[in-house]
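Undergrad: This is the structure I have questions about; it appears just below.
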Amino acid sequence: MFRYILFLILMLNFTSLSAFDKDEVRDSPPLNTRRLVSDANHLEFLKDTLRAAQSSVMISTYTVSPNGLFKDEIGQAIIDAAVRGVKVYIYYENQRSGSKEAYTAFKRVVSCCARFEENANHSKCVTQDKRTVAIGSYNWLADSREGSSNGSLVISGLSASGLIKDV
């Protein structure tokens with residue numbers, strides 16, 4: 001999987017330049033990558049992504065759960081981004097229920113999203129604007145499973161644009 005992603009990055013280096021105007025090409029680094037390896041890394045990345053977004057954030061996760069949505073104030077970060085005018089798109093396959101209070105808070109987050117849609121989906125990724133994409137095995141809006149080992153590759157810069165279009 002890692003080799004495939006690196007191959008995509010190299011291929012996208014050549015195609016992503018057309019997605020930007022000349023000023024963006026001059027001001028943007030061609031490629032930045034890093035790896036997220038812990039729950040804390042993933043949660044901090046997601047909060048930072050929602051805070052920094054200017055136009056859109058897409059979150060694709062296998063499961064959405066009230067505990068996952070509200071841990072470390074992720075739900076509030078989604079609401080705050082939407083209030084700033086950021087379009088938040090969430091795609092998932094499974095939804096876990098919670099208490100009546102959690103369901104009420106859950107519905108508030110859903111109402112702020114441009115799209116909150118169930119579909120046949122096992123992909124786990126986050127995109128921000130046309131600048132950053134994270135792809136890996138982390139369920140962004142679900143409870144962490146004890147002892148699980150998840151990682152995500154974060155790609156930003158010009159190479160991210162083509163990859164985001166593919167995602």
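Undergrad: For residue 67 and residue 94 in one chain, what is 0.36 nm times their gap in residues minus the Cα-Cα distance, to one decimal in nm?
TA: On the way: separation 27, 0.36 × 27 = 9.72 nm, distance 1.38 nm.
Difference between extended and current length: 8.3 nm.
Undergrad: May I pose another question? May I ask you to derive the FRET efficiency for residue 137 and residue 44 from their Cβ-Cβ distance with R0 = 22 Å, giving the value to the nearest 0.05? Mind showing how you got there, number by number?
TA: Numbers: r = 17 Å, r/R0 = 0.79.
Computed FRET efficiency for residue 137 and residue 44: 0.80.
Undergrad: Once label points are set 7 Å from the Cα along Cα→Cβ at both residue 84 and residue 118, what is their separation, rounded to one decimal in nm?
TA: 3.1 nm
Readers should treat all values here as calculations from the given coordinates under stated rules, not as data from a laboratory. Owing to the predicted nature of the structure, the values given are computational and were not obtained by experimental measurement. All Cβ positions, glycine included, derive from the backbone under ideal geometry; neighbour counts span all protein chains shown.
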